[in-house]
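Chemist: One structure follows; several queries about it will come next.
Each value in this text was obtained by applying a stated rule to the coordinates, not by laboratory testing. Note that this is a predicted model, so its numbers are computed, not measured. Reconstructed Cβ throughout: ideal geometry from the backbone, glycine too, with neighbour counts over all protein chains shown.
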Amino acid sequence: MKNSMKKLLALALCLAMVLALAACGEEPAPETEAPAPGTEEPTGGILTADEDVYMAALGDFYEVYQQAFEAETLSERWALMAVAEAKFLESGVASPMYTAGGCYAMSRNAFRSSGYISWMGDRVYYDQMVLTNEIITNEDYAALEDMWYELAGTGTYSDSAREYLAGKGYTFADTAVTTFDRVGTTWDILSDGDFHDDASFIDYLYQYDSESVQQPRLATDYTVSEDGLTYTFTIREGVEWVDSQGRKVADLVADDWVAGAQHLADTGASAIDNLNGVVVGVAEYLSGEITDFSEVGIKALDDHTLQYTLVDECPYFMSMISDTAFLPMSRSYYLSQGGVFGIAEYDAATASSTYLYGTDQDHIAYCGPYLCTNVTDKNSINYVLNESYWNAENVAIKSVQFIYDDGSDVTREYNDFLNGTGTTIALDTAQLEMAKNDGNFDKYCHVAPNVMNIFLMWSNLNRQTYANIADGACASEKTDEQKEVSRAALQNQNFRLAVGYSINRAKYIEQSLGTDLSTVCLRNGYVPGTFVSLEEDVTIDINGTETTFPAGTFYGEIVQAQVTADGYPFKVWDEETMSSDGFDGWYSPENAQAALALAVEELAAMGYEVSAENPVVLDYPYSAYNETATNQAVVLKTSIEEASGGLIQIALIECQDATENLNTWFNTTSGSEYNYDLGGLGGIGGDFGDPETYLDGLLPYGDGFNNQKMGLW
């Protein structure tokens, strides 16, 4: 199991964080200091320490999840992880909402041509994209989809797709024109998950192609030791690091992966979770037990031989290779930009004006297919082909042009797509109506398949901020008494479940995708139910009963078995469709009222009255500048208030632009700065082919990338 960082480490790393997507610890202010603007001091009767709040809500999950790593087989581990997920869902800390996909779409990008792997879904690797100048008809798109399923794994799909499209009269683009809605807060890929792009600028050891097959990139080969603990990669020779103008700054060598891993650890970014407890010495380096990174199991044996030594055998290790944690960084270039190595040294250096690395696109080194030559916030971003790229002659898209669009004008987005801006467009209800009116629906629209990403509605369990820290916007109008009652309520399991049972998810999705597809993208669990299936028969304890799950049992079936055994009424898995998607297994006003009745009794015992005269008021920030988001906010408010009989009131907090919206949660440095009671609807996807890739996000002490969404660490 990946070792949890100690709280002391979380505190230290918090100072180095740029964005709250990764490990970050508590920063309790001394009693003599005034609270930061927009924050409130906690009051009596409510848990205030992050650890206490977490364990009260997710202690059962954490206990079972730890047990999973003591399993003797991989299948037993997966079964116990499913049990752990059941405990998480039963906590009500987050309500599963929907996944990406399941919508009407139009595309110029041939089905899955830009990369695909099941646990990450469709990739956007422009260098291998089959992109047409014309919008692909739904008939031809369906043919390409059938072709993919027939040819996946043969190495012939992209060429066959191109041949098919050419035969149908399509022409091919070598420039992709698409949109962006924000520029990341840093260009240092390894310090922050908020980077604008990564695969375009720095290549991977191996990368998944359009057929879900790993292809060698910066590595040309690898071997695995007999005990499964040592992976040795041969690094491609002749690869160069260049600057944003294409000028050589260094040769690529195996040591660049050592430098990249240490920098990742020094920054405390979320991607370090994929090395922590997996690679020898990483956990000890993070905790401060060792300070010499040469003791970590990432070695450059020579300029072109890279070696990883694992703590334990990790059967899914190669599926992790196409992740940020395994990206190189030019050591010499980093040092030339004021970079330093060491956790404490990094913290100090980033406060200095001499630290330039990652400050913009001109202060990183590139070894991927593209260079970024221009960034103008709220205007444009431009990529051009890296002529020094080792595989430049085979790069399909020679340049990428990003045009700013904050999504507020859906008519503009639709018309721009028709005129050539965008590789794919997912249609909201307004755009769907436009497509039906102008005849494009019947000709071009297809239903995009669901992907692995999951969007959840999070409860802020320890809210301390009531106006955006960054800009003072989105201020709560709750009274101090209402703030106290809502904090107590959100720390109550039955209350959280009542909220989850009250959300009419189908009606919510209907606002964006229309009535026809209102349930297609609904997801009822955290890890996709079909993410893995047992490789052998497994017997585990389900509430005192030895229960055997045969080989082939899907992960979601085991989650449902535990939920059912625990007596909870929500549905995670559908036996008929063999899926956790496509139905609403949570919405039930009857169940909401039953759970709320229990919560009201429990809150009364704490001295908090919840009644029609004194409802629990929950703040929900929403994008007031976006019609779809506004309609969804109204559905959320209406369904919760109706199902709760008015005992829960949703206060809709208007965000006037995208920045204000992101400042309520995304552009923050710790969970204590999250400015909502309900929110955090950011997509979570897999980084490798094991449920751990999702569940690690729930670990305590700032280790979990979802901690901040709960208002913790």
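Chemist: How high is the relative contact order of segment 163-289? Use alpha-carbon pairs under 8 Å, at least six apart in sequence, and give a whole percent.
Modeler: Rounded, it is 16 percent for segment 163-289.
Chemist: Suppose every K and R has +1 on its Cβ and every D and E has -1 on its Cβ; what is the size of the dipole of the chain about the Cα centre, in Debye to the nearest 20?
Modeler: Computed charge dipole of the chain: roughly 1120 debye.
Chemist: Where the centroid of each part is defined by its Cα atoms, how far is segment 486-516 from segment 392-452 in Å?
Modeler: First find each Cα centre; the distance between them is then 29 Å.
Chemist: What list of whole percents do you get for P(r) of segment 610-667, with Cα-Cα distances grouped in 10 Å bins up to the one holding the largest distance?
Modeler: Calculated over all Cα pairs of segment 610-667, the distribution is 25, 44, 25, 6 percent.
Chemist: Now for a different question. Where does segment 77-162 land on the Kirkwood hydrodynamic radius, alpha-carbon pairs, in angstrom?
Modeler: Details: mean 1/r = 0.0640 Å⁻¹.
After inverting the mean inverse Cα-Cα distance, the result is 15.6 Å.
Chemist: Can you list which of the GluC sites (Glu not before Pro) found in segment 295-348 are DSSP loop residues with at most 13 other C-beta atoms within 10 Å?
Modeler: Loop-located and lightly packed - E313.
Chemist: Which label marks the calculated value of semi-axes √(5λ) of the Cα gyration tensor in Å, given the options (1) 47, 26, 24; (2) 44, 33, 23; (3) 38, 31, 27?
Modeler: Step by step, semi-axes √(5λ) of the Cα gyration tensor in Å for this structure corresponds to label (3).
Chemist: Using the number of other C-beta atoms within 10 angstrom as an exposure proxy, rank H263, H363 with the fewest first. Walk me through the numbers before you get to the answer.
Modeler: Details: H263 25, H363 19.
Arranged by neighbour count, lowest to highest, H263, H363 become H363, H263.
Chemist: Using the crude model of +1 on Lys and Arg Cβ and -1 on Asp and Glu Cβ, and no other charge, please compute the dipole size for segment 491-547 relative to its Cα centre, in debye to 20.
Modeler: Its charge dipole is roughly 580 debye.
Chemist: Remind me, relative contact order of segment 552-612 in percent, using alpha carbon pairs under 8 angstrom and six or more residues apart?
Modeler: About 20 percent, as a whole number.
Chemist: Moving to a separate point now. Per DSSP H run of n ≥ 4, the term is -39500 (n - 2.57); total these for the chain, divide by its residue number, and report the mean residue ellipticity at 222 nm rounded to 500 deg cm²/dmol.
Modeler: Calculated at 222 nm, the ellipticity per residue is -9000 deg cm²/dmol.
Chemist: So, by mean Cβ neighbours within 10 angstrom, what's the order for 598-608, 208-218 with the highest one leading? Walk me through the numbers on the way to the answer.
Modeler: Working: 598-608: 15.7, 208-218: 19.4.
The densest-packed peptide leads the list: 208-218, 598-608.
Chemist: Which lysines have a Cα less than 29 Å from the Cα of K637, not counting those fewer than 8 places away in the same chain?
Modeler: Straight-distance partners of K637: K87, K478, K483, K507, K571, K709.
Chemist: Check C445: other-chain or 5+ apart residues with amide H under 5 Å from its amide H, H built from backbone geometry?
Modeler: Residues meeting the criterion, in which the H sits 1.01 Å from N, are N138.
Chemist: Calculate, in whole percent, how much of the Cα-Cα pair population of segment 155-274 lies beyond 21 Å.
Modeler: So the pairs more than 21 Å apart make up 59 percent of the total in segment 155-274.
Chemist: Let me check against my output: what whole-number percent is the relative contact order of the chain, with C-alpha pairs under 8 Å and at least 6 apart?
Modeler: Relative contact order, the chain: 22 percent.
Chemist: Can you give me the pair-distance distribution of segment 500-583, C-alpha pairs, 10 Å bins, whole percents?
Modeler: Per 10 Å bin, starting at 0, the Cα pair percentages come out as 17, 41, 29, 11, 2.
Chemist: Convert 10 °C to kelvin, take the viscosity as 1.306 mPa s, use the Kirkwood radius over C-alpha pairs of segment 661-713 as Rh, and evaluate the Stokes-Einstein diffusion coefficient in µm²/s, rounded to a whole number.
Modeler: Roughly 137 µm²/s, to the nearest whole number.
Chemist: Whole number please: convex hull volume per residue of the Cα set in segment 450-517, in Å³? Mind dumping the intermediate values first?
Modeler: Details: hull volume 10.6 nm³, N = 68.
Taking only Cα atoms, segment 450-517 has a hull volume of 156 Å³ per residue.
Chemist: Can you list the lysines whose alpha carbon is less than 25 Å from that of K248, not counting same-chain residues fewer than 8 positions off?
Modeler: K299, K398
Chemist: Over what distance in Å are the Cα centres of segment 688-713 and segment 310-352 separated?
Modeler: Measuring centre to centre over Cα atoms gives 20 Å.
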